Amino acid sequence: MGMQAPPQRSLSEQAYELIRHKIVTLALPPSAVVDEGRLQEELGLGRTPIREALKRLELERLITIIPRRGIFVTPINLTDLQRLYEMRLNLECLATELAAMRGTAVHWQEMAAVLDQVNTLDNISPEQLIAIDDQCHRIIYQAADNQFLEQTLMALYPLSLRMWNVALAKLGDKKESVVKYEHIIEHEQIMVALQTGAVEEAVNLMRRHIEAYQQYIENIILGKSAQLLAA
């Protein structure tokens, strides 16, 4: 009996992923008007999957639907950043704690392979670094083996990623100088602690990683990037 092909994504799932990508990458920037008709034309999808995707994105706070006024990309402010990272800090630490107890050698081999990309990519870009960061966090969520926690963190991560892209947009041409390898080094340290089952160490490392990441983005948004460049 041959292998079964993986199930195809539904049209609403496709619409959700494509629209979310536009919002996270700022192709649809904060406060932008979301035009359903234009999305149908751009994505080649019908009205129903677009509407289903928009309802899901509203639940994830990436868009705001205001009756009789329209649909808007949720704006970003510093308070949102702080509240978001309050949530992520505690949930990421919980996921790390569970991953240290429940993760397998397969998870950490996969994470090592992701981190090895840093050594194979020439002139690694901020976008490539954040993709590696994304993959590392996803592996930890999976290793935690708690579907409710994983689903919550998977909904929060795109919000953080949008904050990151707003910060990079503020930097413009300077972003290549500011984005460094510290975040990847931190993941390597976290991985070693996870591999050895050092729960407390892994959690402490993750806490510092999330706190430093928030401060990093906050400094850029507040216009303190010159200090980062000098560091």
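Within the range 56-79, the set of residues being free of Cβ contacts under 8 Å to residues at least 12 places away in the same chain and either outside any helix (DSSP H, G or I) or surrounded by 13 or more Cβ atoms within 10 Å (Cβ to Cβ) (or both) comprises 58, 64, 65, 66, 67, 68, 69, 77. With a requirement of 3 or more residues that are surrounded by 17 or more Cβ atoms within 10 Å (Cβ to Cβ), the helices (runs of 4 or more DSSP H) lying completely within the range 89-174 that satisfy it span 105-115, 126-144, 147-171.
Each reported figure results from applying straightforward, stated rules to the coordinates on display, with no laboratory input. Just so we're clear, the structure is a prediction, and the values are computed from it rather than from any experiment. As a convention, Cβ positions derive from the backbone with ideal geometry for all residues, glycine included, and neighbour counts pool all protein chains shown.
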